[in-house]
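Encoded as structure tokens, the structure appears first; notes follow it.
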Amino acid sequence: MEQCSANSGKLGIVALSNLTHPLKPAQVFHWGQLLGWLYTTRPGTAKDVKLKVQNCGGIERVNVAQSNVNAVDLALTVTFADLEAAADRLHGQAHHTPVMTSTTIDHQTGSRVFFKCENFQRIGAFKFRGAYNAMVQLADEQRRRGVLAFSSGNHAQAIALSGQLLDIPTTIVMPDDAPAVKLAATRGYGAEVVTYNRLTDSREGLAQQLAGDRGLTLIPPFDHPHVIAGQGTAAKELIEEVGELDLLLVCCGGGGLLSGCAIAAHALSPSCRVIGVEPKRADDATRSFYAKTLQTVENPDTIADGARTPSLGTLTFPLILYYVDDMVTVSEAAILRAMFFLWERLKLVVEPTGALATAALLEGIVNEPGARIGVIISGGNVDLKQAGKLFAKVTKTPKPQPRVPWAQELS
């Protein structure tokens, strides 16, 4: 049985029989979490239910009746309405970053490519959007006590600047080998920086301890609904400016930007395929996407420091399963080539993580001749003293090789 009604917005009801889930009757959990569970236990059912949900007109709430779970209320963690509200909060605070094009890249790819340049955002990266959207919604007591965050750099700066603008004290846990430019900028915005050794210490554990000891509100870098909604406004702006897209390429670390942008694309450009891109050395999200179970990676050795996250989050993972169409990986050499190309030909200062999506396009890993393609350049916070050393490692682009399907690689 399935139906759609207008009770409290659009409501879809899907009855599933002969399914068991380790939840008590009427316990609340997320639709995306159920989808992930179904993928791992009943793949055919998951696809069928997802189709039914889509056929209900893009519903935001689903009731699933099971043998041991009666009318469990499931909600997508973040919706497009949340992105619209975030855009209103960010108006006049975040920059409306430019969209750049390149006839050279259009000719090279046979596509029409639009680069959303978040390297021109406040603090030099998209992270300001999510940080400000989360902090501006804090209660007065939370503001008085202060905020704590952990980050390799860009989220740190975003929280620090947002705290400065909103008069909220901030404490940031950062790796001691974070780029010097990011450490200096974070301190420059008035934050207290607590460093740790990322090879031996857990930043999450240290952050939780500090938050508990000091009574601080912890705002994680990606796994937070207000952060995800804020990040998604980047793609919302892009599509509203250039029109509907056939393809959207987004870098992926913890998945906040990717999941938020995918929500925007789903609402504003329904036929657009969204592809996440991450380093081959930090491929946990790609493995998670194809295995349908959360995979991890420990201290990945990649120049893309913004993608050194151990895994997707409990919020971002189900959102990515639901909204994202594919995941691909790129080599360290490909990241450097894309970064160098953006600097040299487009005159854009882009950090390694910010070049991930471009790398997938320029390397031919994603190849869609004739398509309208959006590319999110996530940030430009790179230590200029190190840039020359990085570019000295740039090698020529190898002859494109056919992409091996992940299903084949995992078999």
Averaged across orientations, what area in nm² does the convex hull of the alpha carbons in the range 197-318 project? 8.5
Which cross-chain or sequence-distant (5 or more) residues have an amide H under 5 Å from the amide H of Phe114, H modelled 1.01 Å from N in plane? Ile373, Gly374, Val375
Of Lys127/Lys280; Lys292/Lys385; Lys182/Lys393; Lys292/Lys347, which pairs sit farther than 29 Å apart, going by alpha carbon to alpha carbon? Lys292/Lys385; Lys292/Lys347
Probe 1.4 Å, all chains present, heavy atoms only: His226 accessible area in Å², nearest 10, is 70
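If Lys and Arg each add +1 and Asp and Glu each add -1, what is the summed charge of the other residues whose beta carbon sits under 12 Å from the beta carbon of Gly255? Mind showing how you got there, number by number?
Numbers: positive: none; negative: Asp223, Glu278, Asp284.
It works out to a net charge of -3.
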For a quick check: with amide H placed at 1.01 Å from N, whose amide H comes under 5 Å from Asn381's, ignoring anything fewer than 5 positions away on the same chain? Glu351
May I ask for the net charge around Gly276, where only other residues with Cβ less than 14 Å from the Cβ of Gly276 are counted and Lys, Arg are +1 while Asp, Glu are -1? -2
Run the numbers on the range 148-257 and let me know its relative contact order in percent, using alpha-carbon pairs under 8 Å that are six or more apart. 25
Derived scalar couplings ³J(HN,Hα) [the range 310-319; Karplus, 6.51 cos²θ - 1.76 cosθ + 1.60; whole Hz; x for Gly, Pro]: x, 5, 5, x, 5, 8, 6, 4, x, 5
Could you pull out every residue, at least 5 positions away or on a different chain, whose amide H is within less than 5 Å of the one on Thr195? Hs are placed 1.01 Å off N in the peptide plane, and Pro or chain starts have none. Met174
Taking the full set of protein chains and a 1.4 angstrom probe, give the accessible area of Arg144 in square angstrom, rounded to the nearest 10. 150
Tell me the relative contact order for the range 294-398 as a rounded percent, counting alpha carbon contacts under 8 Å between residues six or more apart. 26
Give a residue-ordered list of calculated ³J(HN,Hα) values for the range 202-219 (Karplus: 6.51 cos²θ - 1.76 cosθ + 1.60, θ = phi - 60°; whole Hz; x for Gly, Pro). 9, 5, 5, x, 5, 5, 4, 5, 5, 4, x, 5, 9, x, 8, 8, 8, 10
Taking θ as phi - 60°, what are the ³J(HN,Hα) couplings along the range 173-188 by the Karplus curve (6.51, -1.76, 1.60), each to the nearest whole Hz, with x for Gly and Pro? 9, 10, x, 6, 9, 4, x, 4, 5, 6, 4, 5, 5, 4, 5, x
Using +1 on the beta carbon of Lys and Arg, -1 on that of Asp and Glu, and nothing else charged, what's the dipole of the range 137-242 about the Cα centre, debye to 20? 200
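Determine the per residue accessible area of the range 105-160 with all protein chains present and a 1.4 angstrom probe, expressed in square angstrom.
Heavy-atom accessible area per residue stands at 29 Å².
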When Lys and Arg each count +1 and Asp and Glu each count -1, what net charge do the other residues less than 11 Å away from Ala359, Cβ to Cβ, add up to? -1
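Mind ranking Met100, Met174 by accessible surface for me, highest first, 1.4 Å probe? The partial results should precede the final answer.
Values: Met100 65, Met174 0 Å².
Sorted by accessible area, descending: Met100, Met174.
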Solvent-accessible surface (1.4 angstrom probe) belonging to Tyr196, in square angstrom, nearest 10: 20
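The values are calculated or read from the model by the stated rules, or taken from the named source; none is laboratory data. Computed from a prediction, not measured in an experiment: that's the story for all the values here. Reconstructed Cβ throughout: ideal geometry from the backbone, glycine too, with neighbour counts over all protein chains shown. These accessible areas exclude ligands, DNA and RNA; they are computed on the full protein's heavy atoms, side chains included. Shrake-Rupley method; radii C 1.70, N 1.55, O 1.52, S 1.80 Å.
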